[in-house]
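Have a look at the structure below before the remarks.
FYI, it's all coordinate maths here, none of it is from the lab. None of these values were measured; they are calculated from a predicted model. Cβ coordinates were reconstructed from backbone atoms using ideal geometry, including for glycine residues, and neighbour counts include every protein chain displayed.
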Amino acid sequence: MKHTVLRHIHQIATPIGQTARRGPQMKQLRLIEDGAIWIAGDKIRMVDSDSTVIAALPDLPEIHWVDAKNKCAIPGFVDAHTHFLFAGTRAQEFDERLAGVAYLDLLAKGGGICSTMQAVREASAEELFQQGKETLQEMLQFGITTLEGKSGYGLNEPDELKQLAVMKRLDQEQPITILRTYLGAHAVPPEYAKNSNGYVDFIRENMLPQIEERALADYVDVFCEKGVFNLAQSRAILERAKELGFSLKLHADEMTSIGGAGLACELNALSADHLLSISHEDIHRLADSNTIAVLLPATAFCMRRPYAPARQLIQQGAAVALASDFNPGSCYTYSTALLFALSVIQMQMTTAEVLTGMTLNGAAALGKAAEIGSLEAGKQADILLLNAPDYRYLAYKTGVNLVENVFKGGVACELPHHRPC
Ligand code: NIG
Ligand code: FE
C-alpha cells in the first residue's frame with residue numbers, strides 16, 4: 001500500500017462527521033495549525049498536528065512526503081448538482097436573456113433545454129464523451145473531486161440512455177467521481193408536446209424500470225415548475241422511482257412557488273434544489289426533515305433573480321449544501337470561487353458555513369457523507385491544498401481560484417496550470 005504524508009500544512013480546515021451538518025453545526029470546523037495528513041492507499045489514515053502524526057507513523061518501507069508549508073488543506077469540493085454533459089452552446093440565448101427575454105418563455109418556444117436536447121440527440125456518444133472529459137478537466141482545477149451529473153438533454157429512450165452511459169464511462173476514465181441522476185423529466189420533448197401526461201407515463205413505465213435494471217443512475221430528479229412538470233406529475237414520477245429503489249432529488253421552487261420543497265420533504269427526498277421561491281411554510285418543513293437544501297446561487301446570479309433564503313434555512317436548522325448547477329442555459333459556470341463569493345456576499349453565509357456546504361453537506365446531498373466530504377480517518381483521501389494560509393481566504397480573495405493541488409483517492413492529480421508538489 002502506498003503511504004503519503006502531507007507535512008507542515010499551515011492550516012487544516014474541515015467539517016467533521018458522517019452525516020450532514022445542520023443549522024448552527026454548519027459553522028463548526030476542526031482547525032489544526034501546522035498539521036499533517038497521513039494517507040494510506042486511497043484513504044485518510046490520520047489528521048492531526050504535524051508532531052502527532054510523525055510520532056504515530058510506524059516503520060514503513062516507503063513514504064511519499066509532501067511539503068505543504070504555507071498552504072491550507074480542505075476536503076475536495078463535492079458539486080451535488082450539475083448538468084455538465086451536453087453538446088452545443090446557448091450563448092445567443094444568454095444574450096437574449098440579458099436583453100430581458102424570460103427563461104421560461106425561451107423554453108415554451110422550443111428553445112432553452114429543448115435546443116440543447118437537439119444538439120445532444122445529434123451528438124455521438126464519443127463526441128459527448130470528449131466534450132465531457134474536457135469539461136471535467138477544468139472542473140478538477142477548481143477542486144471538484146466528486147460531482148453529480150444529470151441526464152435530461154436526450155428526453156427520449158436512446159439519448160437519455162446515451163447520456164447516462166457516457167457519464168458512467170467518464171467516471172471510469174478520469175479522476176472525478178461522477179454520480180448519475182436520471183432527469184428525463186427536465187422538459188416535455190416535442191414528441192409529447194400536447195401530451196405531457198403521456199410523457200410522464202412513458203418515464204414511469206418504460207424509462208425508470210430500464211434504468212434501474214441497467215444500474216445507469218443512482219438518483220431520479222424532476223424539474224417541478226409552472227409550465228414544465230406540475231406537482232401531481234412530479235409526485236407520480238418520484239413515487240415510482242422510490243418504489244424502484246432510487247434516491248430522490250427535486251428541482252423545487254426555482255422560479256415559482258408550487259410546493260416542490262414540501263413534496264421533496266413528504267417523499268423523504270435526499271435533496272430539494274434551487275429554492276429561490278420557497279414558501280415560509282416549506283422552509284420550516286425542510287428544516288424539520290432529513291432532506292438537504294441544495295442552493296445554487298450562481299444560477300440566481302446569472303438569471304438576475306433573488307437568492308435562496310440561506311440564512312433563514314440555517315436559522316431554522318436546515319442542512320444547506322451549495323452546488324454549481326453548471327449547465328449550458330441558466331448557469332454556464334462551474335467556478336467554485338464564484339460559488340464561494342456569491343454564498344458569502346449575496347446569501348450572507350459565513351466562510352465556515354460555505355466550506356461545510358461545499359464539502360460535507362454536498363456529500364450528504366448525494367448520500368455519501370460517510371465516505372467523502374471531510375478530512376478524517378477512514379474517509380477517501382480527496383484533499384485540496386490551497387495557495388493560501390487560511391481557509392478564510394476562500395472568501396477574502398474574492399473570485400480567485402486558490403486550488404493549487406488536488407489529491408483524489410490519495411493520488412496527486414496533474415493540473416495543467418498549477419505547480420506540482
Ligand atoms: O437547474 N431548471 C432546470 N434545469 C437547469 C437549466 C438547464 C438548462 O437551461 O439547460 C437548472 O437551472
Ligand atoms: Fe439544475
Under the Karplus relation with 6.51, -1.76 and 1.60 and θ = phi - 60°, whole-Hz ³J(HN,Hα) for region 155-170, x at Gly and Pro, equal 6, 9, 4, x, 7, 5, 5, 4, 4, 5, 5, 5, 5, 4, 5, 4
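Might you report the magnitude of the Cβ-based charge dipole of region 76-138 about its Cα centre, with Lys and Arg at +1 and Asp and Glu at -1, to the nearest 20 debye?
180 debye
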Roughly what % antiparallel, to the nearest 5, for the DSSP beta bridges in region 9-164? 65 percent
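Using the per-residue mean of other Cβ atoms lying within 10 Å as a proxy for protection, in what order, highest first, do the peptides 72-78, 208-214 fall?
Details: 72-78: 28.1, 208-214: 15.6.
By packing density, highest mean first, the sequence is 72-78, 208-214.
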With label points built 7 Å along Cα→Cβ from the Cα atoms of GLU33 and GLU414, find their separation and express it in nm. 3.9 nm
Which of LYS249, LYS43 has the fewest Cβ neighbours within 10 Å, and the rest in rising order: LYS43, LYS249
Expected unfolding gain across LYS242-SER124 under the 0.36 nm per residue rule, minus the alpha-carbon gap, is 39.4 nm
So what's the back-of-envelope 222 nm ellipticity for the chain, counting only DSSP H runs of four-plus at -39500 (n - 2.57) apiece and dividing by all residues, rounded to 500? -9500 deg cm²/dmol
Mean Cα-pair separation over length for region 199-293, i.e. relative contact order, pairs under 8 Å, 6 or more apart, %: 23 percent
Note down the relative contact order for the chain as a percent, whole number, built from C-alpha pairs under 8 angstrom at least six residues apart. 22 percent
To the nearest 20 debye, what is the magnitude of the charge dipole of the chain about its Cα centre, counting +1 on the Cβ of each Lys and Arg and -1 on the Cβ of each Asp and Glu? 640 debye
Taking 301-311, 333-343 and ranking on average Cβ neighbours within 10 Å, highest first, one gets 333-343, 301-311
Between LYS2 and LYS109, with labels modelled 7 Å along Cα→Cβ, what's the label distance in nm to one decimal, could you check? 5.3 nm
Filter on LYS242/LYS379; LYS379/LYS408; LYS71/LYS368; LYS133/LYS249; LYS150/LYS249; LYS162/LYS408 - keep pairs with C-alpha separation over 18 Å: LYS242/LYS379; LYS71/LYS368; LYS133/LYS249; LYS162/LYS408
Sequence of VAL411, VAL5, VAL320 once ranked by neighbouring C-beta atoms within 10 Å, starting from the fewest: VAL411, VAL5, VAL320
Where the centroid of each part is defined by its Cα atoms, how far is region 55-92 from region 326-343 in Å? 18 Å
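Return the FRET efficiency for the residue pair TYR332, THR52: r is the Cβ-Cβ distance, R0 is 45 Å, and the value is rounded to the nearest 0.05.
FRET efficiency, TYR332 to THR52: 0.50.
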Quick one: if the Förster radius is 30 Å, what FRET efficiency do LEU98 and THR398 give, using the C-beta to C-beta distance and rounding to 0.05? 0.85
Cut-off is 10 Å between beta-carbons; in what order do THR350, THR291 appear when sorted fewest neighbours first? THR350, THR291
Considering only the chain, what is the antiparallel percent among its DSSP beta bridges, to the nearest 5? 45 percent
How would region 77-364 be classified by its alpha-carbon gyration tensor: rounded, prolate or oblate, with rounded meaning a/c under 1.5 and the a/b versus b/c comparison settling the rest? rounded
Phi to ³J(HN,Hα) by Karplus 6.51 cos²θ - 1.76 cosθ + 1.60 over region 171-181, Hz, x for Gly, Pro: 4, 7, 10, 8, x, 5, 6, 10, 9, 10, 10
Can you give me the long-range amide H partners of GLY409? Hydrogens built in the peptide plane at 1.01 Å from N, cutoff under 5 Å, separation of 5 or more residues or another chain. ALA381, ASP382, ILE383
Quick one: Cα centre-to-centre distance for region 114-164 and region 1-51, in angstrom? 33 Å
